[in-house]
Amino acid sequence: MSPDEKSWQAIRRRIADAAGRVGRDPTTISLLAVSKGQPAAAIRAAYALGQRAFGENYVQEAVAKAGELANLPDIEWHMIGPLQTNKTRIAGERFAWVQSVDRLKIAERLSAARDAHLSPLNVCVQVNISGERSKSGAAPGDAGSLARAVAKLPQLVLRGFMGIAEETAAVDRQRRQFRMLREIFDAVRADGLALDTLSMGMSADLEAAVAEGATMVRIGTALFGPRVAP
C-alpha cells in the first residue's frame, strides 16, 4: 500500500469513527482534499484513489493546476480562501464552488461573472466563528441576512455555510465554535432556505466538527503532508 493510500484510508477511518461516536452515517460526510501548496502530481495521485473535490486558496494557483490536470474531466475545484474583488471574475468562471463568500459584494460579482451557459456556481457563506481578526468571514450575527441575500442572486446556488475554528487543543472550545455555525445553519434552513452543506473541520479538529454536524470536512496536511514551500 502506498503512503498516499495509507493517508487516504486513515482519514476515512477518522471520519467513520467520529461519525460512529455520535450515531451519524459517515457516508453523509464528504471529504474536500485541500490541495493548496501541493503540486499537480499530488492531486493526480489523490484523484487515482477516487478523490474528486479539491480545495484551493489562491485563484491563480488553482487555475494553473486546473490547466495541468485538464485531462481529468470530472475534477471539482473549490475556492476556500479569501476572495478579493479583482479575482471574482476568474473565480466565477473557473470554479465549481466558492466557499468563502463573506460579503454581498463578492456574491454579486460572482453572480455577474457566471456565464448563463454554465451550471450555477455553488457557494457557501463563510462565518468567522472564532472571532479572530486574522480570520475572514461574516460576523455570526450577520450571517443569516447575508445568506438570504445571496440566495436571491442569479447563477448562484447557496449550499450552506463554511467556518474555521481557532487553533486550539481544547475540544470543548472547538465544539462550541462549530456548534455556533450549526445553529446558524439550522436557523436559516428553518427559515425556508434549502441548504445542505456545513463545511467545517480540518486535519486537527475534524472529530469535533463531525460531532457538531459537519457535512464536509476540509483536509490538507493529514492527506498530503506538509505543504511544499514556494
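The values are calculated or read from the model by the stated rules, or taken from the named source; none is laboratory data. Since the structure is predicted, the reported quantities are computational estimates derived from the model, not experimental observations. Ideal geometry is used to build each Cβ from the backbone, glycine not excepted, and the neighbour counts take in all protein chains shown.
Number of residues in region 48-99 that are under 13 Å from the mean Cα position of the chain (by Cα) and more than 17 Å from Asn122 (Cβ to Cβ) equals 2. Among residues of region 157-203 being surrounded by fewer than 15 Cβ atoms within 10 Å (Cβ to Cβ) and touching a residue at least 40 places away in the same chain (Cβ under 8 Å), the one that is farthest from Pro140 (Cα to Cα) is Asp191. Residues that are touching a residue at least 40 places away in the same chain (Cβ under 8 Å), over 19 Å from Ile164 (Cα atoms) and basic (Lys, Arg) occur at least once in region 22-44. If you go through region 148-186 and pick out every residue that is among the small types (Gly, Ala, Ser) and in contact with a Leu (Cβ under 6 Å, 6 or more places away or on another chain), you end up with 4.
Return the residues of region 104-119 that are more than 14 Å from Leu158 (Cβ to Cβ) and either within 21 Å of the chain's Cα centre (by Cα) or of a type in the set (A, V, I, L, M, F, W, C) (or both); say none if nothing qualifies.
If the condition is that a residue be more than 14 Å from Leu158 (Cβ to Cβ) and either within 21 Å of the chain's Cα centre (by Cα) or of a type in the set (A, V, I, L, M, F, W, C) (or both), then Lys105, Arg109, Ala112, Ala113, Ala116, Leu118, Ser119 are the ones that fit.
Given the criteria within 16 Å of Ala42 (Cβ to Cβ), β-branched (Val, Ile, Thr) and surrounded by fewer than 21 Cβ atoms within 10 Å (Cβ to Cβ), does Ile75 qualify? Let's see the steps before the verdict.
Numbers: within 16 Å of Ala42 (Cβ to Cβ): yes; β-branched (Val, Ile, Thr): yes; surrounded by fewer than 21 Cβ atoms within 10 Å (Cβ to Cβ): yes.
Against the criterion (within 16 Å of Ala42 (Cβ to Cβ), β-branched (Val, Ile, Thr) and surrounded by fewer than 21 Cβ atoms within 10 Å (Cβ to Cβ)), Ile75 qualifies.
Condition (residue is of a type in the set (Lys, Arg), out of contact with any Asp or Glu (no Cβ under 7 Å at 6 or more places or on another chain) and under 18 Å from Ser35 (Cβ atoms)) applied to region 92-99: is it met by at least one residue? Yes, region 92-99 contains a residue that is of a type in the set (Lys, Arg), out of contact with any Asp or Glu (no Cβ under 7 Å at 6 or more places or on another chain) and under 18 Å from Ser35 (Cβ atoms). The residues listed here are Ala62, Ala113, Ala18, Ala91; of these, the one that is modelled with pLDDT of 95 or more, among the small types (Gly, Ala, Ser) and under 26 Å from Ala208 (Cβ atoms) is Ala18. Selection of region 56-79 for residues being in a loop (DSSP other than H, G, I, E, B) and either within 19 Å of Met202 (Cα to Cα) or touching a residue at least 12 places away in the same chain (Cβ under 8 Å) (or both) yields Asn57, Tyr58, Leu69, Leu72, Asp74, Ile75.
Condition check for Ser134 on (1) of a type in the set (Gly, Ala, Ser); (2) surrounded by 16 or more Cβ atoms within 10 Å (Cβ to Cβ); (3) farther than 15 Å from Arg182 by Cβ: one failure, at (2). Filter region 1-40 down to residues that are touching a helix residue (DSSP H, G or I) at 6+ places or on another chain (Cβ under 9 Å) and in a strand (DSSP E or B) and give me whichever is farthest from Gln60 (Cα to Cα). Restricting to residues being touching a helix residue (DSSP H, G or I) at 6+ places or on another chain (Cβ under 9 Å) and in a strand (DSSP E or B), the top hit is Leu31.
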